[in-house]
1. Check the straight Cα-Cα distances from LYS126 and name the lysines below 29 Å, setting aside those fewer than 8 residues away within the same chain.
2. Check cross-link reach from LYS333 to the aspartates and glutamates: straight Cα distance under 13 Å, and skip same-chain residues fewer than eight apart.
3. Using each residue's phi in the stretch 318-331, evaluate 6.51 cos²θ - 1.76 cosθ + 1.60 at θ = phi - 60° and report the 3J(HN,Hα) Karplus result to the nearest Hz, with x for Gly and Pro.
4. I need the phi-derived Karplus couplings for the stretch 53-64: 6.51 cos²θ - 1.76 cosθ + 1.60, θ = phi - 60°, integer Hz, Gly and Pro marked x.
5. Sorted by average packing, counted as other Cβ atoms within 10 angstrom per residue and highest first, what order do 133-144, 245-256, 213-224, 81-92 take?
6. Per the Kirkwood treatment, what hydrodynamic radius in Å, one decimal, follows for the stretch 62-363 from the mean inverse distance over all distinct Cα pairs?
7. Please work out the C-alpha center-to-center distance from the stretch 298-345 to the stretch 192-267 and express it in whole Å.
8. Note down the nm distance, to one decimal, between modelled labels 7 Å out along Cα→Cβ at HIS312 and at LYS74.
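Only the coordinates and a few stated rules stand behind these numbers; no lab work does. Source: prediction; values computed, not measured. Note that we place each Cβ from the backbone using ideal geometry, even for glycine, and neighbour counts take in every protein chain shown.
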Amino acid sequence: MSAITAPLFAGGSAPIPAPVPASVPASVFASGSVPGSIASSVARPARLLDPGMCLTLRPMAYPGFFEMYRAAIKNTWTVEEVDFSTDVADLARMTPAERHLIQRLVAFFATGDSIVANNLVLNLYKHINAPEARMYLSRQLYEEALHVQFYLTLLDTYVPDHAERQRAFSAIETIPSIRQKAAFCMRWIDAIQHLDRLDTREHRRQFLLNLICFAACIEGLFFFAAFAYVYFLRSRGLLHGLAGGTNWVFRDESAHMAFAFEVVATVRREEPTLFDGELERDVRAMLDEAIACETQFAEDLLAGGIAGISVHELRGYLEYCADQRLATLGLAKHYGAKNPFGFLALQDVQEVTNFFERRVSAYQVGVEGEVAFDAAF
Ligand SMILES: [Fe+2]
Ligand SMILES: [Fe+2]
């Protein structure tokens with residue numbers, strides 16, 4: 001039974017009532033008339049998705065977003081800390097099937113985070129109208145650039161041939177299993193790019209689907225599957241440099257998902273009628289499609305046959321992750337799959353340990369607060 005029980009709304013394009021501006025102490029801003037555009041910047045909108053450019057941080061309407069920003073700052077890492085020195089020797093001793101797997105993974109990594117960064121700028125920042133939330137998105141944008149740099153360094157290290165490097169960047173057009181995933185992402189980017197303001201319920205519904213798609217399907221399934229291959233290889237004693245950097249990327253992506261889901265939860269509190277049966281059906285269909293995309297990628301990656309990991313298990317892992325995403329969204333789980341990858345359970349503990357050892361020794365910067373890997377493997 002779904003936790004989303006709000007009634008269906010009638011008429012997808014019904015206008016949304018004008019927001020009620022939150023009160024701002026008049027004394028802060030000189031009395032008298034304030035030009036309209038400035039006034040709309042001062043006033044807190046009634047709801048997070050109300051159009052505008054709110055600049056007011058006090059009183060802070062969404063302190064949780066500000067805390068997420070602060071937590072992200074504490075987790076700063078750099079690509080230069082990643083030691084790829086043993087990876088090149090590992091590549092030389094890998095089987096052809098394992099090398100095919102890593103070649104396809106690198107080709108996916110070459111553009112994956114850039115796609116997420118573009119959606120953040122083109123579609124998310126524009127519509128999430130709270131300065132503290134936009135601070136978090138600014139930090140996320142930096143982290144996506146860091147991930148792009150990490151995978152660029154990976155590509156330069158793993159692929160010495162210049163023409164082959166270039167081919168990796170065109171993989172979203174030339175390799176069918178990657179092209180299908182890219183097309184899925186681009187379709188959801190394009191779906192709301194024409195929206196400058198979320199003035200109607202249908203606009204907001206479309207925005208929510210984009211946000212949920214990038215968090216639950218792209219970061220939460222496509223990237224998680226990629227991390228699983230990396231940790232599988234590490235469980236075989238391979239590519240420790242890639243796995244070391246992946247620990248940090250994984251942590252960042254978990255935080256990105258947590259932020260996006262918190263935005264969804266906030267909108268749901270503010271506008272519960274947006275969360276109806278139609279939205280739920282669309283989310284479930286989106287997850288099904290993402291699993292199908294990632295499964296055909298797995299069929300390509302594992303085409304050579306690699307002992308210890310199979311397409312069937314990978315699909316089970318995707319279904320397990322999809323159930324986690326549904327639960328986070330307050331929806332009933334659908335797939336009933338268990339995590340088939342025992343090596344990920346060990347990974348969970350190891351990452352936390354390594355993370356702290358590394359941070360303390362590298363920076364002497366204390367990481368305060370509770371450490372939690374919110375996203376279950
Ligand atoms: Fe990323
Ligand atoms: Fe991300």
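1. Straight-distance partners of LYS126: LYS74, LYS181.
2. Hits, sequence-local ones excluded: GLU280, ASP288, GLU319, ASP323.
3. Running phi through 6.51 cos²θ - 1.76 cosθ + 1.60 with θ = phi - 60° gives 4, 5, 4, 4, 4, 4, 4, 5, 4, 4, 4, 7, x, 10 Hz.
4. Ordered by residue, 3J(HN,Hα) equals 10, 5, 10, 8, 9, 10, x, 8, 7, 10, x, x Hz.
5. 213-224, 245-256, 133-144, 81-92
6. The answer is 19.9 Å.
7. Here the two parts' Cα centres lie 16 Å apart.
8. The two pseudo-label positions are separated by 4.4 nm.
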